[in-house]
1. Whole number please: convex hull volume per residue of the Cα set in region 14-115, in Å³?
2. What nm value, rounded to one decimal, do you get for the distance between residue 183 and residue 101 when each label is placed 7 Å out toward the C-beta?
3. Any idea how far apart residue 30 and residue 123 come out in nm if each label point goes 7 Å out from Cα toward Cβ?
4. Please give the per residue volume of the convex hull enclosing the alpha carbon atoms of region 13-65, rounded to a whole number of Å³.
5. Can you give me the long-range amide H partners of residue 34? Hydrogens built in the peptide plane at 1.01 Å from N, cutoff under 5 Å, separation of 5 or more residues or another chain.
6. From the phi angles alone, apply the Karplus equation (6.51, -1.76, 1.60; θ = phi - 60°) to region 18-32 and give each ³J(HN,Hα) in whole Hz, x where the residue is Gly or Pro.
7. Please turn the phi angles of region 65-79 into ³J(HN,Hα) values with the Karplus equation 6.51 cos²θ - 1.76 cosθ + 1.60 (θ = phi - 60°), one per residue in order, whole Hz, x for glycine and proline.
Amino acid sequence: MRHRVAGRHFGRDTAHRTAMYRNLITDLLRYERITTTEAKAKEIRPMAERIITLARRGDLHARRQAQAVLFDTRVTRKVFDEIGPRMKDRPGGYLRITGVEPRKGDAARMAVIELVDFVEAPATPRPQRVTAAPTAPSAVVPATAAPAEIAEAEPEDAAEPVEVAADETPEVTHGHNVDDAAAAFVQAANERRAEAEAEPVVDAEEVTDVTGEPEAEADGERAE
């Protein structure tokens, strides 16, 4: 038989369960409205109403009895200074429990417990959002294209760039100055191009055969 097991245990021992009740009652009287499971709300309702009844008395002994349950002295002061005078003409029934939708995690039955004269603060109107006027999309410039400012700054009589073969890329070793190496490579390429331009052009009419005689004379001798 179930002797001396009245009430809900919530899977906790006595000390843990009592601390949970005191926390819930303290928060309920601090905020005047909390959301918890329906079983816990039904369990703490008579305890919280007993605290409000003590606040209606208002004497020192009642204040000490309330402080033995509540964790925060500021909540005790609020109950005796504000909630007690508000409930002075109400003989009990200070709280109400309203069921809400089940909890999404474990589908536990939830409820809101609050003071009967609780007035929710009006919602603050949301300011209207101000949006900027749409702007035309700017033209996309490819990454390889040079800016117009750089093209205009170049002089008209600028020297043509020196074409460098792929296999003539200078090898810059660690520790050398990159600018000096590039300048030396360009100078060497210019010298090779100048030497190539200075070589004499051989006329096709002056080409001799293998014997060293002019081509025209060799043909004449063969004809004779």
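1. Values: hull volume 9.9 nm³, N = 102.
So the per-residue hull volume is 97 Å³.
2. It is 7.7 nm.
3. Reported label-point gap for residue 30 and residue 123 is 2.7 nm.
4. Once divided by residue count, the hull of region 13-65 is 83 Å³.
5. Distant-sequence amide H within range of residue 34: 113.
6. 5, 5, 5, 4, 5, 5, 5, 5, 4, 5, 4, 6, 6, 9, 6
7. For region 65-79, the Karplus-derived couplings read 5, 5, 5, 5, 9, 7, 8, 10, 5, 5, 5, 4, 5, 5, 5 Hz, x marking Gly and Pro.
No value in this document is a laboratory result; all are computed from the given coordinates. All figures in this text were calculated on a predicted structure; none of them were measured in a lab. Glycine also receives a Cβ, built like all others from the backbone with ideal geometry; neighbour counts cover every protein chain displayed.
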